[in-house]
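Undergrad: Here you go, one structure.
The values are calculated or read from the model by the stated rules, or taken from the named source; none is laboratory data. All values derive from a computational prediction rather than experimental measurement. Don't worry about glycine lacking a Cβ; one is built from the backbone with ideal geometry, like all the others, and counts go over all protein chains shown.
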Amino acid sequence: MRLRRNAALHIDAASRAAQLLVDGLLEAGLDVGGQALRAAAPEAYAVRPAHAGDERQRRDARDRGLEFGLGQARGARRRHGRDRAQAAEAEKIGKLTDQTVKLMKGAGNIRLLQPKGHGGLEVHPREFAETVMATAALDPSAGWINGVVGVHPYQLAYADPKVANEIWADDIDTWVASPYAPQGIARPVDGGYIFNGRWQFSSGTDHCDWIFLGAMLGDADGKPVMPPQMLHMILPRKDYEIVEDSWDVVGLRGTGSKDVIVKDAFVPTYRTMDAMKVMDGTAQREAGMTETLYLMPWSTMFPLGISSAVIGIAEGALAAHLDYQRSRVNSSGVAVKDDPYVMYAIGEAAADINAARQELLANVDRIYTMVESGPQVSFEDRAAGRRTQIRAVWRAVGAVDQIMARSGGNALRMDKPLQRYWRDAHAGLANAIHTPGTTYHASALSSFGVDPQGALRGMI
């Protein structure tokens, strides 16, 4: 219980899903630094005054049952409280442990953006981001999957209603994987499409029963039509193959982001979505969505989970660093805490990581307020939002590099958690959504009143 007391994170009171999972993971023994988690960035875990609209949203969420998984989570903690190696075990086996998945389902992490008609909470996206960060700080791979898999219910909310009914009819905790990269061809046939392809990076796929897959629309011969048209295809587990041993990587090993293969699967039309309509907001409006959450731009919501995970990983890295350095003596015999240069670096890194957190959260608050006020969010505003997301992540990972460089050679040993956080942070930075080039370019052009075209509009 000492670990739990020392790492008692004061997460936003409304984000009880995060707290339940945090409690469970701590009791399971995920050692990321004890009291260092809170000491590293107290601003991140303090209860904040909310905007009036936020408070109403949070009160409603509580009324809908944010205690939804309390019994299950407590039971899981009692049964597995002595298992002290979840994050390390996930890295070893190349996927989340069943225990971690059970805790996440018990806490309802993946249901935060799920429609309330299907057992979800429909929380403010800020709360979703905070939950992802808290989870990633304790277990980077679990946080990553929270961010990736957790955003899919947001999109399913404005898919054909028959899809949501199929997915969640028997189990509201059914998870849906991805990726969206258009690495398959959908050939039109009566009533739908014949679908083929192979995709990389399907995070958490072993624990998912459905999947979103990106596709190019094909002609009768199975060749992509011109100009290109992208689709999002939704398939049940029986229609695709997970490729074992396809996730041998240096970072985020515990996410199990394996390859998947589809061979001649029939996908009915109602289980498809026009990718461009999803990305520009047309799909949401055509579906008749009225809730602010489901009118949020896809380019804000989809990257939010991934970017939040990386920032949470950076917070966990800082906590692990503080715990490691607390009693360390350098090669000159000087206690590290008496080295002013290291203290300077730690202070700067802590400030940068907190700035990244606050920047990301303020950005989603800003976009949410825009959507709530009524007008459609402009391309310029969407581009600025994406610019902010990317810069926040780069700032946080840069801070991790600074503290890692001052941790000495022993921090590289595989039994030290810091090296895992460092690797996982860089793996998260490598995701395509964090590539700054075209997004920065598009945002700068928009600032000059120029409407970017072509590839510059990608992911915006």
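Undergrad: Considering only residues that are surrounded by 12 or more Cβ atoms within 10 Å (Cβ to Cβ), under 25 Å from I313 (Cβ atoms) and in contact (Cβ under 8 Å) with a residue 60 or more places away in the chain, which ones fall in region 222-257?
TA: Of everything in region 222-257, those that are surrounded by 12 or more Cβ atoms within 10 Å (Cβ to Cβ), under 25 Å from I313 (Cβ atoms) and in contact (Cβ under 8 Å) with a residue 60 or more places away in the chain turn out to be W247, V249, G251, L252, R253, G254, T255, G256.
Undergrad: How many residues are in contact with a strand residue (DSSP E or B) (Cβ under 6 Å, 6 or more places away or on another chain), part of a strand (DSSP E or B) and buried (at least 18 other Cβ atoms within 10 Å of the Cβ) if we restrict to region 197-216?
TA: Count: 10.
Undergrad: Select, from G184, G222, G218, G254, the only residue that is within 23 Å of the chain's Cα centre (by Cα) and over 23 Å from L293 (Cβ atoms). Explain how you work it out, then say what you get.
TA: Working: G184 fails: within 23 Å of the chain's Cα centre (by Cα); G222 fails: within 23 Å of the chain's Cα centre (by Cα); G218 fails: within 23 Å of the chain's Cα centre (by Cα).
Of the residues listed, the single one that is within 23 Å of the chain's Cα centre (by Cα) and over 23 Å from L293 (Cβ atoms) is G254.
Undergrad: Only residues in region 288-303 that are within 25 Å of V393 (Cβ to Cβ) count as the first member; pair them with residues that are outside any helix (DSSP H, G or I) and β-branched (V, I, T), Cβ under 7 angstrom, at least 6 apart or cross-chain, and list the lot.
TA: The qualifying pairs are P297/V377; S299/I460; M301/V151; F302/V151.
Undergrad: Please tell me if Y294 is over 28 Å from L252 (Cβ atoms) and either modelled with pLDDT under 95 or polar (S, T, N, Q) (or both).
TA: Working: over 28 Å from L252 (Cβ atoms): yes; either modelled with pLDDT under 95 or polar (S, T, N, Q) (or both): no.
No: the conditions fail for Y294.
Undergrad: Do you know which of the residues in region 83-131 that are of a type in the set (D, E) and within 19 Å of Q155 (Cα to Cα) is surrounded by the most Cβ atoms within 10 Å (Cβ to Cβ)? Don't jump to the end; show me each part of the working.
TA: Just the residues of region 83-131 that are of a type in the set (D, E), to begin with: 83, 89, 91, 98, 122, 127, 130.
With within 19 Å of Q155 (Cα to Cα) added as a condition, the list becomes 122, 127.
Numbers: E122: 22, E127: 26.
This residue is E127.
Undergrad: Determine which member of the set A345, A351, A283, A317 is within 26 Å of L252 (Cβ to Cβ) and either surrounded by 20 or more Cβ atoms within 10 Å (Cβ to Cβ) or in the same structural domain as A215 (by TED's automatic domain parsing) (or both). First the steps, then the outcome.
TA: Details: A345 fails: either surrounded by 20 or more Cβ atoms within 10 Å (Cβ to Cβ) or in the same structural domain as A215 (by TED's automatic domain parsing) (or both); A351 fails: either surrounded by 20 or more Cβ atoms within 10 Å (Cβ to Cβ) or in the same structural domain as A215 (by TED's automatic domain parsing) (or both); A283 fails: within 26 Å of L252 (Cβ to Cβ).
On inspection, the qualifying residue turns out to be A317.
Undergrad: Any chance region 159-171 includes a residue that's crowded, with 21+ Cβ neighbours inside 10 Å and either among the charged types (D, E, K, R) or touching a Phe, Trp or Tyr at 6+ places or on another chain (Cβ under 7 Å) (or both)?
TA: yes
Undergrad: Looking for something more than 25 Å from V278 (Cα to Cα), modelled with pLDDT of 95 or more, among the small types (G, A, S) and in the same structural domain as M296 (by TED's automatic domain parsing) - is there at least one such residue anywhere in region 357-373?
TA: Step one: list which residues in region 357-373 are more than 25 Å from V278 (Cα to Cα), which gives 357-359.
With the extra rule that they be modelled with pLDDT of 95 or more, the set shrinks to 357-359.
Within this subset, residues satisfying the condition of being among the small types (G, A, S) are none.
Checked against the condition, which is being more than 25 Å from V278 (Cα to Cα), modelled with pLDDT of 95 or more, among the small types (G, A, S) and in the same structural domain as M296 (by TED's automatic domain parsing), region 357-373 yields no hits at all.
Undergrad: Continuing with the same structure: Considering (1) in a strand (DSSP E or B); (2) more than 30 Å from E130 (Cα to Cα), say which one H232 fails and leave the rest.
TA: Evaluating H232 over (1) in a strand (DSSP E or B); (2) more than 30 Å from E130 (Cα to Cα) leaves (2) as the failure.
Undergrad: Is it the case that R395 is over 22 Å from Y294 (Cβ atoms), touching a helix residue (DSSP H, G or I) at 6+ places or on another chain (Cβ under 6 Å), of a type outside the set (A, V, I, L, M) and outside any loop (DSSP other than H, G, I, E, B)?
TA: Numbers: over 22 Å from Y294 (Cβ atoms): yes; touching a helix residue (DSSP H, G or I) at 6+ places or on another chain (Cβ under 6 Å): yes; of a type outside the set (A, V, I, L, M): yes; outside any loop (DSSP other than H, G, I, E, B): yes.
Spelling it out, R395 is indeed over 22 Å from Y294 (Cβ atoms), touching a helix residue (DSSP H, G or I) at 6+ places or on another chain (Cβ under 6 Å), of a type outside the set (A, V, I, L, M) and outside any loop (DSSP other than H, G, I, E, B).
Undergrad: With respect to V163, determine if the residue is outside the structural domain of L113 (by TED's automatic domain parsing), under 26 Å from the mean Cα position of the chain (by Cα) and closer than 24 Å to A283 by Cα.
TA: On the way: outside the structural domain of L113 (by TED's automatic domain parsing): yes; under 26 Å from the mean Cα position of the chain (by Cα): yes; closer than 24 Å to A283 by Cα: yes.
For V163, the condition - outside the structural domain of L113 (by TED's automatic domain parsing), under 26 Å from the mean Cα position of the chain (by Cα) and closer than 24 Å to A283 by Cα - is met.
Undergrad: Please go through region 176-208 and pick out each residue that is under 28 Å from R126 (Cα atoms) and touching a Ser or Thr at 6+ places or on another chain (Cβ under 9 Å).
TA: Here is the first cut: in region 176-208, the residues under 28 Å from R126 (Cα atoms) are 176-181, 201-208.
Matches in region 176-208: A177, S178, P179, F201, S202, S203, G204, T205, C208.
Undergrad: Also, I was wondering about something else. Have a look at S246, S308 and point out the one that is under 17 Å from L113 (Cα atoms) and either under 20 Å from the mean Cα position of the chain (by Cα) or at pLDDT 95 or above (or both). Walk me through how you get there before you give the answer.
TA: Values: S246 fails: under 17 Å from L113 (Cα atoms).
Within the list S246, S308, the selection yields S308.
Undergrad: Right, another one. Regarding region 265-276, can at least one residue be identified that is within 24 Å of Y193 (Cβ to Cβ), charged (D, E, K, R) and not in a loop (DSSP other than H, G, I, E, B)? Before you say what the answer is, go through the steps one by one.
TA: Here is the first cut: in region 265-276, the ones within 24 Å of Y193 (Cβ to Cβ) are 265-276.
Those left that are additionally charged (D, E, K, R): 271, 274.
Next, from what is left, pick out any that are not in a loop (DSSP other than H, G, I, E, B): 271, 274.
Checking region 265-276: at least one residue is within 24 Å of Y193 (Cβ to Cβ), charged (D, E, K, R) and not in a loop (DSSP other than H, G, I, E, B).
Undergrad: Can D219 be described as touching a residue at least 40 places away in the same chain (Cβ under 8 Å), surrounded by fewer than 20 Cβ atoms within 10 Å (Cβ to Cβ) and charged (D, E, K, R)? Talk me through it step by step, then tell me what you get.
TA: Values: touching a residue at least 40 places away in the same chain (Cβ under 8 Å): no; surrounded by fewer than 20 Cβ atoms within 10 Å (Cβ to Cβ): yes; charged (D, E, K, R): yes.
So D219 fails the test.
Undergrad: Are there any helices (runs of 4 or more DSSP H) wholly within region 32-149 with 2 or more residues that are touching a helix residue (DSSP H, G or I) at 6+ places or on another chain (Cβ under 8 Å), at pLDDT below 95 and more than 30 Å from L429 (Cα to Cα), and if so which? Steps first, please.
TA: On the way: elements: 36-40, 42-45, 52-65, 70-80, 86-93, 98-107, 125-138, 140-149.
Counting at least 2 such residues, we get 52-65, 70-80.
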